[in-house]
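S.K.: Take a look at this one; I'll ask things after.
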Amino acid sequence: MSAATTRSRTPDRLCAEAVDLARSAAEEAAAPGVVGEHAGLVSEGDRVATHFFECKELGYRGWRWAVTVARASRAKVVTLDEVVLLPGPDALLAPEWVPWSERLRPGDMGPGDLLPTDAEDLRLEPGYSGEDEPVPSAAVSEEMAELVEAEDAEVTAGVPANLPFAPSRGSIAAVAEELGMRRARVLSRYGLHVAADRWEEAFGAKTPMAQAAPASCVTCGFLAPIGGSLGQAFGVCANEFAPADGRVVSLTYGCGGHSEAAVMPKPPRPAPPVIDETRVDPFPLRPAADSGSVLVGADEESAELGHS
């Protein structure tokens, strides 16, 4: 250990005795009556020391006034360096700041709230780009074609409903299995209408959330389409922060978690008409008696003509 290091750990005598100077500096910087007792001394280096005083100000429990004093080489006068308010070991500190994107939890969004999505959100990917070349995740892309293995069609006896298990891919029964044609019964038109009315009432265009939304679900990237005739009016919400996450929503429904909420422009509002041609302005056929156009006591014939 060097001699300089040894000297830095030992407080300078004159700096350590400058308690009154440090207290006066702390009282000048703080409000009256908030500087408490002397709470210790720390050596900051050669002829540099910091005095600590308790802080009695409300809301700063455990904080200390730190006054640093110093003395020049071969000088006998101690000078003031700085005065700051620092937290002590048991100080009451504010919790660490957490970004809003990490504080947000499912169910926190209400009507009128907007949830902007990051441009690099991993839950979204580019859709139709207008080019003829398919996207890399498409089944007909070159990347996917390299992973596909040729399969021979299997010949199965009997109708798919009589098979004890689902046949492997490549057979006609397998195609029927994927299309949902092996069920004994399917939804009727009445069943579809009842379900559509129920979903429209829960997550439709007339709900308060949809009325305050910046755009509808039909343009949202978090909408997962569904098959069948219901896919023309409904889809499944796949935004974990949206109030309808995992629910069947109408294409006219919307919320603040729209994928383009940060950049979606507001719909233009037409300007009010300058001349209202639909309004009827009533005009009296005869002037009022107190209008000044008719003398008091005039006969009825002159009153109708409006003679003065």
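S.K.: In this structure, does residue 238 turn out to be closer than 23 Å to residue 122 by Cβ and open to solvent by less than 40 Å² (accessible area, probe 1.4 Å)?
M.R.: no
S.K.: Somewhere in the stretch 96-105, is a residue in contact (Cβ under 8 Å) with a residue 60 or more places away in the chain and surrounded by 13 or more Cβ atoms within 10 Å (Cβ to Cβ)?
M.R.: Looking for residues that are in contact (Cβ under 8 Å) with a residue 60 or more places away in the chain and surrounded by 13 or more Cβ atoms within 10 Å (Cβ to Cβ), one finds at least one in the stretch 96-105, hence yes.
S.K.: Kindly indicate the residue of the stretch 11-21 that is open to solvent by 50 Å² or more (accessible area, probe 1.4 Å) and not aliphatic (A, V, I, L, M) and also modelled with the lowest pLDDT among those meeting that condition. Let's see the steps before the verdict.
M.R.: Filtering the stretch 11-21 down to residues open to solvent by 50 Å² or more (accessible area, probe 1.4 Å) leaves 11, 13, 17, 20-21.
Add one more test, that the residue is not aliphatic (A, V, I, L, M), and what stays is 11, 13, 17, 20.
Details: 11: 81, 13: 85, 17: 86, 20: 90.
Here the answer is 11.
S.K.: A further question follows. So, in the stretch 7-44, exactly how many residues are in a loop (DSSP other than H, G, I, E, B) and not aliphatic (A, V, I, L, M)?
M.R.: Matching residues across the stretch 7-44 total 6.
S.K.: Among the residues of the stretch 106-118, what is the count of those that are open to solvent by 90 Å² or more (accessible area, probe 1.4 Å) and either touching a residue at least 60 places away in the same chain (Cβ under 8 Å) or among the basic types (Lys, Arg) (or both)? If you could, list the steps in order and put the result at the bottom.
M.R.: Looking only at the stretch 106-118, we keep the residues that are open to solvent by 90 Å² or more (accessible area, probe 1.4 Å), and these are 114, 118.
Subset that is either touching a residue at least 60 places away in the same chain (Cβ under 8 Å) or among the basic types (Lys, Arg) (or both): 114.
Residues flagged as open to solvent by 90 Å² or more (accessible area, probe 1.4 Å) and either touching a residue at least 60 places away in the same chain (Cβ under 8 Å) or among the basic types (Lys, Arg) (or both) within the stretch 106-118 amount to 1.
S.K.: Out of all the residues in the stretch 27-42, which are in contact with a Ser or Thr (Cβ under 7 Å, 6 or more places away or on another chain) and open to solvent by less than 30 Å² (accessible area, probe 1.4 Å)?
M.R.: none
S.K.: Still on this structure, please answer the following. Give 24, 8 a once-over and let me know the one that is surrounded by fewer than 18 Cβ atoms within 10 Å (Cβ to Cβ), at pLDDT 85 or above and over 29 Å from residue 94 (Cβ atoms).
M.R.: When all the criteria are applied, what remains is 24.
Condition check ((1) at pLDDT 90 or above; (2) farther than 21 Å from residue 192 by Cα; (3) in contact with a strand residue (DSSP E or B) (Cβ under 6 Å, 6 or more places away or on another chain)) across all residues:
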position: 216; (1), (2), (3): yes, yes, no
position: 223; (1), (2), (3): yes, no, yes
position: 237; (1), (2), (3): yes, no, yes
position: 244; (1), (2), (3): yes, no, yes
position: 251; (1), (2), (3): yes, no, no
position: 267; (1), (2), (3): no, yes, no
position: 274; (1), (2), (3): no, yes, no
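S.K.: Here's a follow-up. Take the residues in the stretch 65-95 that are in contact (Cβ under 8 Å) with a residue 24 or more places away in the chain and open to solvent by 100 Å² or more (accessible area, probe 1.4 Å); name whichever of them is nearest to residue 40 (Cα to Cα).
M.R.: Taking the candidates together, the pick is 89.
S.K.: How many residues, within the stretch 168-214, are modelled with pLDDT of 75 or more and β-branched (Val, Ile, Thr)?
M.R.: 2
The values are calculated or read from the model by the stated rules, or taken from the named source; none is laboratory data. Predicted, not measured: the structure shown is a model, and the values here were computed from it. In this analysis, Cβ positions are derived from the backbone assuming ideal geometry, glycine residues included, and neighbour counts consider all displayed protein chains. Surface areas here come from the heavy atoms of the whole protein model, side chains and all, with no ligands, DNA or RNA. Shrake-Rupley method; radii C 1.70, N 1.55, O 1.52, S 1.80 Å.
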